[in-house]
1. Sticking with the crude label model, points 7 Å out along Cα→Cβ, report the distance from L82 to L187 in nm, one decimal please.
2. Longest exposed-loop-site-free stretch of the chain, with trypsin sites (Lys or Arg not before Pro), DSSP loop and at most 12 other Cβ within 10 Å?
3. Report the charge-dipole magnitude of the stretch 67-220 in Debye, nearest 20, computed about the Cα centre from +1 at each Lys and Arg Cβ and -1 at each Asp and Glu Cβ.
4. Of the options A110, A202, S420, report the single residue whose Cα projects farthest towards the positive end of the charge dipole of the chain (beta-carbon charges: Lys, Arg +1; Asp, Glu -1).
5. Tell me, what HN-Hα J-couplings in whole Hz come from the Karplus equation 6.51 cos²θ - 1.76 cosθ + 1.60 at θ = phi - 60° for each residue of the stretch 429-445, using x for Gly and Pro?
6. For A231 paired with L252, estimate the spin-label separation in nm (one decimal), with each label point 7 Å from Cα along the Cα-to-Cβ line.
7. Which of V450, G61, T276 sits closest to the plus end of the dipole of the chain, meaning its Cα is farthest towards the positive end, when Lys and Arg get +1 and Asp and Glu get -1 on the C-beta?
8. In whole Å, how far is the Cα centre of the stretch 369-407 from that of the stretch 92-150?
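FYI, it's all coordinate maths here, none of it is from the lab. Remember, it's a predicted structure, so these values are computed and weren't measured experimentally. Every residue, glycine as well, gets a Cβ built from its backbone with ideal geometry; the counts of neighbours run over all protein chains shown.
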Amino acid sequence: MLATVVPRITIYPQLASAFMNPPILQFVWRGEIVTLQHVPPTRTLLQLLREDLGHSATKEGCNEGDCGACTVVLGQLQDGQLSYKAVNSCIKMAHAIDGMALWTAADLAAADGTPHPLQQALQQCHASQCGFCTPGFAMSLFGLYQNQVLQDQPLSRAQAQEALSGNLCRCTGYRPILEAAQVMTTLPRVKVDETRLRLQLASISPEHRTREADFSYQAPTRLNALLSARAAHPQAQLVAGCTDVGLWVNKLHMDFAQLLDVTRVAELKTIEVQDTQTVIGAAVSLHDAFAALAQDRPQLHAFFSRFAGQPVRNAGTLGGNIANGSPIGDSMPLLIALRTSLVLMSMRGQRELPLDAFYTGYRKNVMAADEVLAFIRVPKAKPNELLRAYKLSKRTEDDISAVCLAINMQVQNGFVTQVSIGAGGVAATPVRAAQTEAALLGQAWTQATVLQAAATLRGEFQPISDMRASAAYRSTVLAKLMQRFWLESQGTPNTSLASLTLEGAST
Ligand SMILES: Cc1cc2nc3c(=O)[nH]c(=O)nc-3n(C[C@H](O)[C@H](O)[C@H](O)COP(=O)(O)OP(=O)(O)OC[C@H]3O[C@@H](n4cnc5c(N)ncnc54)[C@H](O)[C@@H]3O)c2cc1C
Ligand code: FES
Ligand code: FES
C-alpha cells in the first residue's frame, strides 16, 4: 500500500576519503530498502530527510524535541516482534534507524491516493488549520493506530492525549484532534504488509553486518562488544536515545567524530522482574521502564506521564536519564527514594553502587572513561510502603521540573520505621534528603513530626533562582510537598499547595 521509492546510495563526497570503509545506513522506507553511505555520525534524521533526501513533508519547528512537528514512526523487529514507535526525527541521529522501517506523513496514504483512516479522521473532524503541526500529529496517531487500534484495544481519550503529549498545536486546538483519534478507530482498518516488512527488516539486520574498519558510528549488539569498544575508544561520545545529546548537536552546535550507541545491545534492553527487585537494562526506553515500574507501583503512572512527551519517552532511555545527571531530571529523585542501585561495567569488571553515590557534581559522576552504566536495580514495593512522587512545572505536559520530590516511607504502629527521600531541582545534582530522613526516622507519624520534617527539608538545600522558579519558591514548595504527603497518608488527596501554611515549618 506504500508508494515506491527507488533505493539509492547517497555519497557525501566531502567525507568519502575520511573513512576507509564507511558505515552503511540501511532502512526500509516506502516499501523499499534504502541504502546510504557516508552519512556523518551527527547527521540527524530530520536533516537526512529534508536536506539530503529532499523530503519536506516532515516539518522542522523547534529542532529540540519540544513541538512534535518532526515526528516520524519507526518500526523495529525485536525477538520476532514488530514494534512501532513515534519519535522526534530532529533529535534522532540518522544512523540510529539503521535496520529499521521508517514512516513519515507522506507515507500514509494508499498507492491510489486514498487517505489513511487517521487522515480521513483528521479531515472529518476539521483537526488542522495551518497544518504545520499536522504531519507530526498524524505520525503520533499512526503510532497509536499501529499499537492500539490494530491490536483491537479500546482507545480512551486519556490514552489519545498521552500519545499526543509531545505534539503542540497553536491554532486548531486539541479537541478536534482528540476527536479525530476516536473517529479513526471507527473507520475500516488499513494494515501494513507485515509479512514483506519482516523479510525486509531481517535482510538488513545490523547484526549481520560488521563495521570494524570505521568507528564514526558504532552500535554494538552485544554487551562484551560494547565494553570492548568503550575500552578501545574512550573518547567516543556514548549515546543512547539522543534526547539530550541531540540538543547538544542542534543547539550547542557540538560535533562528534565518533558516536558509540548503546541502544542495540541485547543485554541492556532487558527487564527482569525478580522476587525482591526489578533489574532494568540501561538501554530500556523510558516508556518501557516506566511501564515496568508502574506495574509494581501503579500510583506512579501519573508521575511518569509528566515526563516529557510520548516521542521522547519512546526514544530516551532510563540509563540515559541517570547518566546524563541533570539536576532537574525526573527519574532520579524517585529512584533515590526507592533505594535504587546502579551496575557499572567495563572490560575490567563490574561494580554496584547506590544511585545517590553516583553523582559527584553538576553533571559529573563516578563513571570511568571505559565504563558504561549497564543495569538499574530497583527494589520491589513493600506491602505497607507509602510512596509519592511530585513534579512541579509550569506546564502539565512536556515540561521540565522546577522541583521534583519523591518520598518513600514505612510506618509501623504509628512510628516511621523506614524513610528515603529524593529531590530534584534543589541542588547541583539529584540528591537524597538525608537530614530530613534523619528527622523522621523513629518518630511518631504525627502532624508535629511532619512540621518539623518540613522545616528541615526547607533548610536542607540551597537551591538557585532560574527561569523555572526562584530559590525561595523551591525551598518553600519542598516544605509544602512534605505536608501534602502527610495529608495524603491520612486519606486527604489532591490538596492545593497554596492552601497549605508553613506554620511551624520555618527554618
Ligand atoms: C522535549 C524534551 C523533554 C524532556 N523532558 C524531560 C523531563 O520531563 N524529565 C527529564 O528528566 N528529562 C527530560 N528530558 C531530557 C531527556 O529526555 C532525558 O534525560 C533522557 O532520559 C535522556 O536519555 P537518552 O537515552 O536520550 O540519553 P542521551 O541523550 O543519548 O545521553 C545522555 C547522556 O547519558 C550518557 N549515557 C547514555 N546512556 C549511557 C549508558 N548506558 N552508560 C553511560 N552513559 C550513558 C550519554 O553519554 C550522554 O552523556 C527531555 C528532553 C526533551 C528533548
Ligand atoms: S522540530 Fe520540534 S520536536 Fe522536532
Ligand atoms: S494547525 Fe496550526 S499549529 Fe496546529
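1. 2.0 nm
2. Values: sites that count: R8, R170, R189, K191, R209, K251, R348, K394, R395.
In the chain, the maximal stretch lacking such sites is 9-169.
3. 340 debye
4. S420
5. Computed from phi, the couplings for the stretch 429-445 are 9, x, 9, 9, 8, 5, 5, 5, 4, 5, 5, 9, 4, x, 8, 5, 7 Hz.
6. Between A231 and L252, the simple spin-label model gives 2.9 nm.
7. Comparing the listed Cα positions along the dipole, V450 ranks first.
8. Taking the Cα centre of each part, the stretch 369-407 and the stretch 92-150 sit 32 Å apart.
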